[in-house]
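The values are calculated or read from the model by the stated rules, or taken from the named source; none is laboratory data. Computed from a predicted structure; not experimentally measured. Please note: Cβ atoms are built from the backbone with ideal geometry, for glycine as well, and neighbour counts cover all protein chains shown. The accessibility values were calculated without ligands, DNA or RNA, using every heavy atom of the protein model including side chains. Shrake-Rupley method; radii C 1.70, N 1.55, O 1.52, S 1.80 Å.
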Amino acid sequence: MSMVSHLHHFFHAETCQSYIHTLRWKDRPLQCPRCESLNVGPWGAYHAQPGLKRYRGKEKGCKRTFNDLTGTLLDGSKRSVMHWMLATFLLCLSCSSRRIARELGVHVRTGYRWCWWLRNAALSYEIGRKLAGTVEADDLYHTAGNKGQAKGGGKKSLGRHARGRRKKREPGRGHYDKDRPAIIAWVSRQGAVVLQATRDFTVKTVQKAADLALQTGSRLYTDSASSYRALKGYVHDYVNHTKKEYARGEVHENRAECLFSLLKPYLRVFRGLSKYNLPGYVGFFQFLCNFRQLTAFEQAEMILYAALDPAVASRARRGDFVRCLDHFDLLQTTRN
Ligand SMILES: [Zn+2]
C-alpha cells in the first residue's frame, strides 16, 4: 500500500486535532467530564497523537487527567481523528459503510460500526421534529429483509447462507411481515420533512404516524388512499390518482413524491437493507434532507459536533437515537 492511496494521509495531524479541539469545546465549558470541575489546566501531550491536548484538574476534583476526546464517540479509537473526519464526510455524501471502509483502509466491520454510530449522532438533531402549516404525505413500500441477520432475524446463530435481502415483489401494499415495510413521508411546504418506517398502512398506524409527525390542525394534502381519508384532527384534501388527477390548484402531493424519487436512489446504494435497520437509514436521510441547504462538510461538522458531546456519544453507541425516534414503535420488531 502506497502512502498516497488514502486521502487522510494528506491531512495535517495537528490541524485536525485543533479543529476537533475547537469543535469539542464550542459552546461547552472546558471541564472535567468525570467530576465536572471547571478548574482545569493543561497536562502534557501524547506522543502518538500530536496535537491532542491533555488536561488535569488543578486542585480538588478527581485528580484524573482527560483530553479532548474523553467520553466522546471518538474516545478509545485506535484510528486517528482524520479517519473519523473523512468517514463522517463520506457518510454525508451517502457512501455505504463498505465504501467508507475501503476508502479509509479500515476493516468492514469498523466501517459498519462507525456509520451506525455516526448515523445515531446525526439523529440527535431529528428527535421530536414536528411539522406545521401545509403538509403533503405519500407512502412507499421498500423491500427490506433480513440482510446481515441470523436466520429468522435476531442476533444469534450466524450459521446461515441466505441473506434474504432480495425478494420477489408481491402485488398490493407491503407489510413488515412480508419484508416490505411502508415508508411514509410528510413534507411541509415550508421545507422540513419527516420520514417514518412503519409496519403497515392501516388506518390505526397512519393516524398514529400523523399525530407524531404533525401538529394538530395542520393542512394535509394526500392521494386518495383510504387510510389518509380516515385521518382525524387535520384539515384534509386529496387528489384522485385513479381518475388521473394529480393536481387541483393548491392540492397536490408532488413534493412528497419527489422526495421518494430522491430516497430510492439513496437507499439503492446499500444494495439491500435489513428491516431492523430501516429506521436508522430513513432517519439519516431525513437529517440530510432537513439540512440540505448545507454542504456535505457542514453536515459532517454538525454530526461531529454531536458526536463530541459525551451525552450524545454514549447514547449513540447504544443505538439509542434510532430507538428514540418517535415512530420507532410503529415498526414493531419481532426480534428476540
Ligand atoms: Zn475530574
Report the residue count in segment 269-285 for those that are open to solvent by 10 Å² or more (accessible area, probe 1.4 Å) and within 12 Å of the chain's Cα centre (by Cα).
3
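In this structure, does TYR112 turn out to be of a type outside the set (Lys, Arg) and within 22 Å of ALA296 (Cα to Cα)? Let's see the steps before the verdict.
Values: of a type outside the set (Lys, Arg): yes; within 22 Å of ALA296 (Cα to Cα): yes.
So TYR112 fits the description; yes.
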Subset of segment 209-232, residues open to solvent by 10 Å² or more (accessible area, probe 1.4 Å), assigned to a loop (DSSP other than H, G, I, E, B) and closer than 15 Å to GLU253 by Cβ, comes to ASP223, SER224, ALA225, LEU231
If you go through segment 12-30 one residue at a time, do you hit one that is within 15 Å of the ligand (Cβ to nearest atom), on the phi < 0 side of the Ramachandran plot and open to solvent by 20 Å² or more (accessible area, probe 1.4 Å)?
yes
Which residue pairs have Cβ atoms under 6 Å apart, sit 6 or more places apart or on different chains, and have a first residue in segment 27-45 that is part of a strand (DSSP E or B) and a second that is more than 10 Å from the ligand (Cβ to nearest atom) and modelled with pLDDT under 90?
GLY41/LYS58
Can you report the number of residues in segment 57-86 which are without any contact (Cβ under 8 Å) to a residue 24 or more places away in the chain and among the charged types (D, E, K, R)?
5
Look at segment 31-46 and say how many of its residues are open to solvent by 40 Å² or more (accessible area, probe 1.4 Å) and within 12 Å of the ligand (Cβ to nearest atom).
8
Filtering segment 47-75 down to residues that are open to solvent by 50 Å² or more (accessible area, probe 1.4 Å) and either away from the ligand (no atom under 16 Å from the Cβ) or aromatic (Phe, Trp, Tyr) (or both) yields HIS47, ALA48, GLN49, PRO50
Mind listing whichever residues of segment 132-188 are at pLDDT 90 or above, among the small types (Gly, Ala, Ser) and more than 17 Å from GLY280 (Cβ to Cβ)?
ALA132, GLY133, ALA137, SER188
What number goes with the only condition from (1) under 29 Å from the mean Cα position of the chain (by Cα); (2) under 23 Å from PHE89 (Cβ atoms) that LEU30 does not pass?
(2)
